[in-house]
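To start, the structure under review is shown below, and the notes come after it.
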Amino acid sequence: MAERAAITVIGIGNPQRGDDAAGRLVAQRLRDHSLAGVKIIECNGEATDLVDRLRRAASAIIIDAAAFGAKPGTVRRLDVAAQCVPAGRARSSHGLGLAEAIELTRALGALPLPCLIYLVQGSVWEAGAALSPPVAAAVPRLADLILSETRAMRALSSLAGGSCD
Amino acid sequence: MARSRTIEVGYLARVEGEGALHLSVRSDRVDRAELRIFEPPRFFEALLRGRHYSEAPDITSRICGICPVAYQMSAVHAMEAALGVTAGGQLRALRRLLYCGEWIESHTLHIYLLQAPDFLGAESAIELARTQRAAVERGLQLKKVGNEILRVLGGREVHPINVKVGGFYRVPTPQELKPLAERLDWAEAAARDTVSWVAGFDFPDLSRDYEFVALRHPNEYPMNEGQIVSSRGLDIAVAEYDQHFAEQHVPYTHALQSRLDGRSGYLAGPLARFALNFDRLPADVQQAARAAGVGAVCRNPYQGIIVRALEVLYACIEARRIIAAYERPAEPAVALPAPRPSVGHGATEAPRGLLYHRYELDADGTIAAANIVPPTAQNQASIEEDLREFAGSWLALPDAQLRLRCEAAIRNYDPCISCATHFLRLTVDRGAGDG
């Protein structure tokens, strides 16, 4: 297998479906920071594509909009190396969504470590809709959180004698 | 009063869309099987009205994340028919190459991650990855080759943006296609392994006397062009589609069901393409089919997984052939005449079967009317007939197993992302004093 990229940040979503764009918007914000050793990707969340991207990452942070019953704009952090992802009502390609992609990668013994998911509760999903105000407000907050995570990962990697650069 | 047993299914894995199935049982026979599906192409037909014809490929590619090329291809062929132009030569070859990519990625996803678990006693692709890791790895890599073709030719892997009426916005250089050729050498071998793998599955001994419907071309296995033919003698030009195929409302579903010349359901898709075009396959693919235990005609819908694998093999060989013969055309698209009031029809072979488009254009090229008939809608009656015929022998099973059998029978059709069942609510009405 090719050498894994140190830290891969994956923003998932459909840019034309309201709050579903959130993951990609966070990824776009992070690009402005020119983070050394961090690879930033945007994708639509197709499961096999995600599996492929995760397999090529040493550590990963995924950002996606979701519906988990919280107030719109609420952010939830999952450490999927430590816990299985509950499969929900997947909405992406042929019934295979983010949860299936994570678990498939785990079953193949290729899950990055750590592998974090940041979910933001959305409320607007219609085609052509704009971001809802609570999710729009959450995007810069999420970008800051991811920045902190990447710094922490790089610091840990340095302590362990590795290098992210 | 009829008593009914209702099984609520929260999530139907490995099939996409949104739907429900109702079985009505009388005297231990299924007398009605009613499948309710959601059909977004109807929404897109309304969206297309009032837009310029040149927008149709990009708009229709949004209907499905798994078969965007099929929607684009049917759209461009219909528009070119309306305008009276043909994209031939290398432009035609590149379209075929793009379609090969879609067949490879779509079929491989279905074979490995959606349908194989049904035959191998695995609950899901995740469980399969634990028990058959090498096979799943092969499937993922094979699918990726298909995606790569879409990326190189279509501009990106999902919802390609490089296709236009008349050809492409940009055509690749031979050098850009070279890495694909190298990947396809591996893919062809992987596809042969896939055929052998699925041929080893245990298949239920169930078959039906389907009326197969597919395109048929004078000298190639059909993708973009051909007459529409059936195993019961239909042989018509695409423009004659509406004279023979009728869409009808049924009371329990929003989707329209297609009928051919007033007969019962017909079958579109890999089994139909294969049966009607076996003689158009290269000799070594025909040989692989015989070795896999399917002859020139396969009527067992469960063995559709073998036929899909054979079509993946064919698509790899065909893609390699197209790349070897490729010379970059001088222009990426043919010149288009000024629009005029006209009607155009297009039909191509989506991975799951015939996909028909019809457009009416105004004098300025605005779309006045659009009609899109996706393969899953065409197959809906046939899915119900399969369930009516097959499910009778499953009725003694507990609810959960009965549901799984029904789901697997529906999955045989690889229902499209946008056109089929995602949440299958199964209700069984066993009649008075039963159940």
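The values are calculated or read from the model by the stated rules, or taken from the named source; none is laboratory data. Note that the structure is a prediction, hence the values are computed from the model and not measured. Every residue, glycine among them, receives a Cβ derived from its backbone with ideal geometry; neighbour counts consider all protein chains shown.
Observations on the model:
Conditions tested, residue by residue: (1) at pLDDT 90 or above; (2) among the aromatic types (F, W, Y); (3) surrounded by 22 or more Cβ atoms within 10 Å (Cβ to Cβ); (4) over 18 Å from A:G13 (Cα atoms).
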residue	(1), (2), (3), (4)
A:Q83	no, no, no, yes
A:A87	no, no, no, no
A:G95	no, no, yes, no
A:L98	no, no, yes, no
A:T105	yes, no, yes, yes
A:A110	yes, no, no, yes
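- Tally of residues being assigned to a loop (DSSP other than H, G, I, E, B) and surrounded by 13 or more Cβ atoms within 10 Å (Cβ to Cβ) across region B:255-292: 10
- Matching option when the condition is more than 11 Å from chain B (Cβ to nearest Cβ) and more than 19 Å from B:L109 (Cα to Cα), among A:A127, A:A57: A:A57
Residues are listed down the side, and each one gets a yes or a no for (1) over 30 Å from B:A199 (Cα atoms); (2) in a helix (DSSP H, G or I); (3) within 15 Å of the chain's Cα centre (by Cα); (4) free of Cβ contacts under 8 Å to residues at least 24 places away in the same chain:
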{"site": "B:E327", "(1), (2), (3), (4)": "yes, no, no, no"}
{"site": "B:G346", "(1), (2), (3), (4)": "yes, no, no, no"}
{"site": "B:N379", "(1), (2), (3), (4)": "no, yes, yes, no"}
{"site": "B:E384", "(1), (2), (3), (4)": "no, yes, no, no"}
{"site": "B:L387", "(1), (2), (3), (4)": "no, yes, no, no"}
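- All of B:A78, B:A135 fail the test of being over 24 Å from B:T348 (Cα atoms) and of a type in the set (A, V, I, L, M), apart from B:A135.
- Top-ranked residue in region B:141-162 [being surrounded by 22 or more Cβ atoms within 10 Å (Cβ to Cβ) and modelled with pLDDT of 95 or more; ranked as farthest from B:T108 (Cα to Cα)]: B:I149
- Any chance B:R340 is in a helix (DSSP H, G or I) and basic (K, R): no
- Residue, surrounded by the fewest Cβ atoms within 10 Å (Cβ to Cβ), within region B:233-250, restricted to residues that are part of a loop (DSSP other than H, G, I, E, B) and within 21 Å of the chain's Cα centre (by Cα): B:A237
Conditions tested, residue by residue: (1) among the charged types (D, E, K, R); (2) surrounded by fewer than 22 Cβ atoms within 10 Å (Cβ to Cβ); (3) over 13 Å from A:P140 (Cα atoms).
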| position | (1), (2), (3) |
| --- | --- |
| A:T8 | no, yes, yes |
| A:G11 | no, no, yes |
| A:R17 | yes, yes, yes |
| A:D20 | yes, no, yes |
| A:L25 | no, no, no |
| A:R29 | yes, yes, no |
| A:L35 | no, yes, yes |
| A:V38 | no, no, yes |
| A:E42 | yes, yes, yes |
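Table: residues versus (1) without any contact (Cβ under 8 Å) to a residue 60 or more places away in the chain; (2) in a strand (DSSP E or B); (3) over 27 Å from B:G304 (Cβ atoms).
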position: B:H357; (1), (2), (3): no, yes, no
position: B:A368; (1), (2), (3): no, yes, yes
position: B:F390; (1), (2), (3): no, no, no
position: B:A400; (1), (2), (3): no, no, no
position: B:C406; (1), (2), (3): no, no, no
position: B:I410; (1), (2), (3): no, no, no
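- Highlighted here are the helices (runs of 4 or more DSSP H) found entirely within region B:70-150 that include at least 1 residues which are away from chain A (no Cβ under 14 Å) and touching a strand residue (DSSP E or B) at 6+ places or on another chain (Cβ under 9 Å): B:89-108.
- Annotation note: Cβ proximity below 8 Å between a residue of region B:268-284 that is under 12 Å from B:E349 (Cα atoms) and a residue that is outside any helix (DSSP H, G or I) and acidic (D, E) (sequence gap 6+ or interchain) occurs for B:G269/B:D414; B:R273/B:E349.
- Qualifying residue in region A:112-128 (condition: part of a loop (DSSP other than H, G, I, E, B), crowded, with 20+ Cβ neighbours inside 10 Å, in contact with a strand residue (DSSP E or B) (Cβ under 7 Å, 6 or more places away or on another chain) and modelled with pLDDT of 90 or more): yes
- Those residues of region B:151-163 which are at the interface with another protein chain (Cβ under 10 Å from one of its Cβ atoms) and in contact with a helix residue (DSSP H, G or I) (Cβ under 6 Å, 6 or more places away or on another chain), in sequence order: B:E157, B:H159
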